[in-house]
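Here is the structure we will look at.
Every read-out reported here was derived from the displayed coordinates using simple, explicitly stated rules and does not represent laboratory data. This is a predicted model, so every value here is computed, not measured. As a convention, Cβ positions derive from the backbone with ideal geometry for all residues, glycine included, and neighbour counts pool all protein chains shown.
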Amino acid sequence: MRVGFLHTYLADVDREHFVILMLDQKNKVLGVHTVSVGGLTASIVHPRETFKAAILANAAAIIYGHNHPSGDCQPSREDRAITQRLKEAGALLGIGILDHLVIGADGRYFSFADENLL
């Protein structure tokens, strides 16, 4: 499960990390790329850096993921804004956005796809 992978990948980091899972046309994971490492409450995310690795990997789709070191998995206003911006960029590039997962503590997470926010 991709959520489990992200929990493991982001376990015990003390700063916010924004990563992408790059997927092929059958949604098989091609790789993971760390786009940004920020501070305790934020990381800077630009579409250019987000999609560069996906384009080079010939990804058909991506899943965004980032952690909240506080353990609270509820998305911030900034999380919602960058999700929309990246969704628009992906549409222009022809790279599907399957989900944006916010990883919290104790196995908790928030899925933009599950909440119909993509």
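Quick notes on this one:
- Placing a label point 7 Å from the Cα of Arg15 along the Cα-to-Cβ direction, the residues of region 53-96 with a backbone N closer than 18 Å are 65-71.
- Share, in percent, of DSSP beta bridges within the chain that are antiparallel, nearest 5: 70 percent
- Over region 12-118, the reciprocal of the mean inverse Cα-Cα separation, the Kirkwood hydrodynamic radius, stands at 13.7 Å.
- Fewest neighbouring Cβ atoms within 10 Å first, the residues Glu115, Glu16, Glu49 line up as Glu115, Glu49, Glu16.
- Based on C-alpha pairs under 8 angstrom that are at least 6 apart in sequence, the chain has a relative contact order of 26 percent.
- Each of Asp14, Asp72 was scored by other Cβ atoms within 10 Å of its Cβ. Arranged with the fewest first, they read Asp14, Asp72.
- Each stretch of four or more DSSP H residues adds -39500 (n - 2.57); spread over every residue of the chain, this sum gives -9000 deg cm²/dmol at 222 nm.
- Placing unit charges on the Cβ atoms only, positive for Lys and Arg and negative for Asp and Glu, gives the chain a dipole magnitude near 380 debye about its Cα centre.
- By the count of other C-beta atoms within 10 Å, a proxy for reagent exposure, Asp114, Asp99 are ordered fewest to most as Asp114, Asp99.
- Residue of Val13, Val45, Val102 that the Gaussian network model of the chain assigns the largest fluctuation, springs spanning Cα pairs under 10 Å: Val13
- Efficiency of FRET from Cβ geometry, Ala81 and Ala105, R₀ 22 Å, rounded to 0.05: 0.40
- Low-density loop cleavage sites - trypsin sites (Lys or Arg not before Pro) in region 6-36, where at most 12 other Cβ are within 10 Å (DSSP): Lys26, Lys28
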